[in-house]
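Step one of this worksheet: look at the structure below.
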Amino acid sequence: MPTLTVNGRTQAVAAEPETPLLYVLRDELGLNGAKFGCGLGQCGACTVEVEGRAVLSCLTPVGVLEGRPVTTVEGLGSPENPGPLQAAFIAENAAQCGYCIAGMVMRAHALLRANPHPDEAEIRAAMRLNLCRCGTHMRILAAVRRAAGREAGREAGLAPATAGATP
């Protein structure tokens, strides 16, 4: 039985080690931010962070995550108290249907943790791996630019909102 640390909480899960993280997050832990889009790692709707790096949870077996902190969009803030990056997405009206947004936020979060002040080319390169079928890419890019302009890494709130979490 694998033990996972998700958003700062360590817990044993009943899943087999080869079970994709996405299924454990949604079905066992009730964290529904990451979405099943394609199941092939081609759309990014399932993006979460593992040790501060964006990963596709539909392709990541839980068995390789023992001792490695996982952060989901739920770990960045809440609807009542969104984190700084989430607030930038809200301010830019980046979501239309919203299906891709959790993955977009997590990919942007990993980018800004690694590079708090990316230029336009770096933002586009990082975000190109996630798809938005509604076509809000320009608003998504604007949200990432907004966040990069006012956030400077962990000091400005890019650390997960959950106390004790270590991305």
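The values are calculated or read from the model by the stated rules, or taken from the named source; none is laboratory data. All values reported here derive from a predicted model rather than from experimental measurement. Cβ coordinates were reconstructed from backbone atoms using ideal geometry, including for glycine residues, and neighbour counts include every protein chain displayed. Surface accessibility is based on the protein's heavy atoms, side chains included, excluding ligands, DNA and RNA. Shrake-Rupley method; radii C 1.70, N 1.55, O 1.52, S 1.80 Å.
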Can you work out the accessible area per residue across region 1-150, with the rest of the protein chains kept in place, probe 1.4 Å, in square angstrom?
47
Ordered by packing density, taken as the mean number of other Cβ atoms within 10 Å over each peptide's residues, highest first, how do 29-38, 5-14 rank?
29-38, 5-14
Tell me which residues come under 5 Å, amide H to amide H, from G77 once H is placed; ignore anything under 5 positions away on its chain.
G83, A161
Given H placed 1.01 Å from N in the peptide plane, which residues other than close sequence neighbours of L29 have an amide H under 5 Å from its amide H?
none
Using θ = phi - 60° and the Karplus curve 6.51 cos²θ - 1.76 cosθ + 1.60, what whole-Hz ³J(HN,Hα) does each residue of region 110-123 get, with Gly and Pro shown as x?
4, 4, 5, 5, 6, 8, x, 10, x, 7, 4, 5, 5, 5
Highest first, please rank the peptides 98-111, 58-71 by the mean number of other Cβ atoms sitting within 10 Å of their residues.
98-111, 58-71
Going 7 Å from the Cα of Y23 in the Cα-to-Cβ direction, what parts of region 42-61 have a backbone nitrogen less than 12 Å from that spot?
58-61
Just from its helices, what would the mean residue ellipticity at 222 nm be for the chain, if runs of 4 or more DSSP H residues each count -39500 (n - 2.57) and the sum is divided by every residue, rounded to the nearest 500 deg cm²/dmol?
-8000 deg cm²/dmol
Scalar couplings 3J(HN,Hα) for region 51-57 by Karplus 6.51 cos²θ - 1.76 cosθ + 1.60 (θ = phi - 60°), nearest whole Hz, x for Gly and Pro, are 6, x, 10, 5, 9, 8, 5
Answer with a single label: of [x] 0.96; [y] 1.19; [z] 1.30, which was calculated as Cα Rg over 2.2 N^0.38 Å from the structure in view?
[x]
If you average the sequence gap of Cα pairs under 8 Å that are 6 or more apart and divide by the length of the chain, what percent do you get for the contact order?
27
Calc'd 3J(HN,Hα), region 22-34, phi into Karplus 6.51 cos²θ - 1.76 cosθ + 1.60 (θ = phi - 60°), Hz, glycine/Pro = x, comes to 3, 5, 5, 4, 7, 7, 9, 9, x, 9, 9, x, 5
Most to least packed among 137-143, 15-21 [average Cβ atoms within 10 Å]:
137-143, 15-21
In the chain, carbon and sulfur make up what percent of the accessible area (probe 1.4 Å)?
52
